[in-house]
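The values are calculated or read from the model by the stated rules, or taken from the named source; none is laboratory data. No experiment lies behind these values; they were computed from the predicted model shown. Heads up: the accessible areas ignore ligands, DNA and RNA and are worked out on the full protein's heavy atoms, side chains in. Shrake-Rupley method; radii C 1.70, N 1.55, O 1.52, S 1.80 Å.
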Amino acid sequence: MPPKGDRLSEEEIGVLRAWIDQGAAWPDAANVTVDDGSSHWALQPVTRPAVPQISGGGIRVRNPIDAFVFARLRAKGLSPAPEAVRDRLIRRLYFDLLGLPPAPEEVEAFVHDPDPRAYEKLVDRLLASPHYGERWARHWLDIAHFADT
């Protein structure tokens, strides 16, 4: 809906009509600048960044996200923390994704799972859980001020 307030003048309407008649050309995103003179990131086409090449220092890059994290840590003069032991890893994952602790038998099963993809499978299982949706929907419902009253 149009905003409240004074209506556009005939002259302003004429300018808009002329712009539409001329094809309503919008400036190219590369030509739209922000205060510092650079082009605004939101107006740039989406491109896949080059994955940083990380080597040495005992760092084990398992996926492209690791490479970006390790590159930023190096740029800040930091080193990654040691990898968490499996019983802590499953607890962190459960609390982060579900907001609940894992059952003791789930911890035991994960700790003794020899599958090299055990962690990835656990992440997939927790993301598919209805509890994951419940946990994160709560934040959105709080923002929307939802209530059953």
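Would you list Arg125, Arg135 from the most to the least accessible area, probe 1.4 Å?
These residues rank, largest area first, as Arg125, Arg135.
May I ask you to derive the relative contact order of the chain, considering only C-alpha pairs under 8 Å and at least 6 residues apart, and to give it as an integer percent?
Details: 61 pairs, mean separation 16.1, N = 149.
After rounding, I find 11 percent.
When a/c reaches 1.5 or more, the comparison of a/b and b/c decides; with that in mind, is the range 90-149 rounded, prolate or oblate per its Cα gyration tensor? Kindly include the intermediate steps, with their values, before the conclusion.
Working: a/c = 3.79, a/b = 2.64, b/c = 1.44.
Prolate, since a/c reaches 1.5 and a/b exceeds b/c.
Taking the solvent-accessible surface of protein heavy atoms with a 1.4 Å probe, what is the per residue accessible area of the chain in Å²?
Accessible area per residue, the chain: 85 Å².
I'd like the accessible area for Glu11: 1.4 Å probe, protein heavy atoms, all chains in place, Å² to the nearest 10.
For Glu11, the solvent-accessible surface is approximately 150 Å².
Hey, what did the range 74-143 get for relative contact order, percent, Cα under 8 Å, at least 6 apart?
31 percent
Keeping all protein chains in position, work out how much accessible area Leu78 exposes to a 1.4 Å probe, and write it in Å² to the nearest 10.
Only protein atoms counted, so the area is about 100 Å².
According to the square roots a ≥ b ≥ c of the eigenvalues of the Cα gyration tensor, what is the shape class of the chain, taking rounded for a/c under 1.5, prolate for a/b larger than b/c otherwise, and oblate for the remainder?
In terms of gyration-tensor shape, oblate.
Ranked by accessible surface with a 1.4 Å probe, highest first, in what order do Asp66, Asp96 come?
I get Asp96, Asp66, largest accessible area first.
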